[in-house]
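Asker: Handing you this structure, nothing more for now.
The values are calculated or read from the model by the stated rules, or taken from the named source; none is laboratory data. It should be emphasised that the depicted structure is a prediction, and the values quoted were computed from it without experimental measurement. A quick note on method: Cβ atoms are made from the backbone with ideal geometry, for glycine too, and the neighbour counts reach across all protein chains shown. Just so you know, the surface numbers come from the protein's heavy atoms only, side chains and all, with ligands and any DNA or RNA stripped out. Shrake-Rupley method; radii C 1.70, N 1.55, O 1.52, S 1.80 Å.
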Amino acid sequence: MANWKAGIAFLAKYVPLWVIISAIVAYMTPDSFRSYGSIISPCLSLIMLGMGLSMTPNDFKLIFTRPKDVIIGVLTVYICMPLVGMGVGKLLGLAPMLVVGLILLGCSPTGTTSNVMTFLAKGDKALSVTVSSISTMLAPVIMPLLLLLYAGTYLAVDGTALFISIIKIVIIPVLLGLIMHKIFAKQIPTILALVPLTTIIAIILIVLVVVSLNAERLQAIAPSAALAMVLYTFMGLAIGFLVSKVLRMPKEKGKAMTFVVGVQNTALAVALAVKYFDPVAALPAAVGVVWTTVCCSFIASLWGSKTAEDEIEKPEKIEPV
């Protein structure tokens, strides 16, 4: 058992590398994957099932014990990030479908990767988990409304169809995961050990399909999409950090806020872009799968190392005799 767990840990550690390799393979041989567009939604459902399996009722406890922190996190994501996506797209003069892709990503809930980044940074993981959970459960209602508001000027948005799709590919798998966690409580440690592997496979399959669908256009638009994602991610992280500073949150909360705002559900944005808009609209989120992981891992590691050094240097308290 230890061997396969170590193998999964190795694969999880180098996710950006596997994604890059997958993108290159799909770019070089697009005809091999182009006809598999229909697997994107099931792959996302598999990712969301993994999220549900790893959740417990405690993940929602903070909404009752610390409602202010959670509400601030959720509102910052849904108010600021669609505007950031639209602003970056207009600033760079991107093609309409790339702007739609950025808006779609901005309207997406916080990604579960934010929990990992917050953990690595030694931040408030409970806050991160709760914000990502609550924003995900609110997505079926909030995402269609935001897309109608911001992307409706670029193309027709079917809010009802989006609502139904998000329920099917996000909410139902998450709820199913929560139920399975309860029913198979004894087996859940083994099941959770397999979740990273299924998530990695699902992400790789999504990247293979998205890149193959855009292979002919990538040479022209990939640099623009990459630059847009660099700006988008840094602005998201900066907004989360600044909000925590303005509200004078402790460092641990500030780290969590930085990542819950700057890290979003790229897989959901990809799935909805391919299904309802255009494969080109999926490119910003597809680039974000790699860029967000690399960039945020670096920042989280720096923060985590700094916290560890501070704890070592902190003088030991001497209790009075």
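Asker: In the range 176-196, which residues are hydrophobic (A, V, I, L, M, F, W, C) and not in a helix (DSSP H, G or I)?
Answerer: PHE184, ALA185
Asker: Tally the residues that are surrounded by 13 or more Cβ atoms within 10 Å (Cβ to Cβ) and either in a loop (DSSP other than H, G, I, E, B) or polar (S, T, N, Q) (or both), restricting the search to the range 154-168.
Answerer: 5
Asker: Across the range 130-153, which residue is farthest from the chain's Cα centre (by Cα) among those that are among the polar types (S, T, N, Q) and in a helix (DSSP H, G or I)? Quick ask: steps written out before the conclusion?
Answerer: Initially, the range 130-153 is screened for residues among the polar types (S, T, N, Q), giving 130, 132-133, 135-136, 153.
If we keep only those that are in a helix (DSSP H, G or I) as well, we get 130, 132-133, 135-136.
Numbers: THR130: 14, SER132: 9, SER133: 12, SER135: 11, THR136: 10 Å.
Once the filter is applied, the top-ranked residue is THR130.
Asker: Name the residue, out of LEU272, LEU197, LEU208, that is surrounded by fewer than 19 Cβ atoms within 10 Å (Cβ to Cβ) and touching a helix residue (DSSP H, G or I) at 6+ places or on another chain (Cβ under 7 Å).
Answerer: Residue meeting the stated conditions: LEU197.
Asker: Residue pairs, Cβ under 7 Å, 6 or more apart or interchain, first in the range 116-141 and under 11 Å from SER301 (Cα atoms), second acidic (Asp, Glu) and modelled with pLDDT of 90 or more. List them.
Answerer: THR118/ASP124
Asker: In the range 74-83, what count of residues is obtained for those that are open to solvent by less than 10 Å² (accessible area, probe 1.4 Å) and either outside any helix (DSSP H, G or I) or over 14 Å from LEU149 (Cβ atoms) (or both)? Full working, then the answer.
Answerer: Initial filter on the range 74-83 (open to solvent by less than 10 Å² (accessible area, probe 1.4 Å)): 77, 81-82.
When the remaining residues are screened for being either outside any helix (DSSP H, G or I) or over 14 Å from LEU149 (Cβ atoms) (or both), the result is 77.
Looking only at that region, the number is 1.
Asker: Quick one: in the range 269-308, which of the residues that are in contact (Cβ under 8 Å) with a residue 60 or more places away in the chain and of a type in the set (Phe, Trp, Tyr) is farthest from LEU94 (Cα to Cα)?
Answerer: Top of the filtered list is TRP303.
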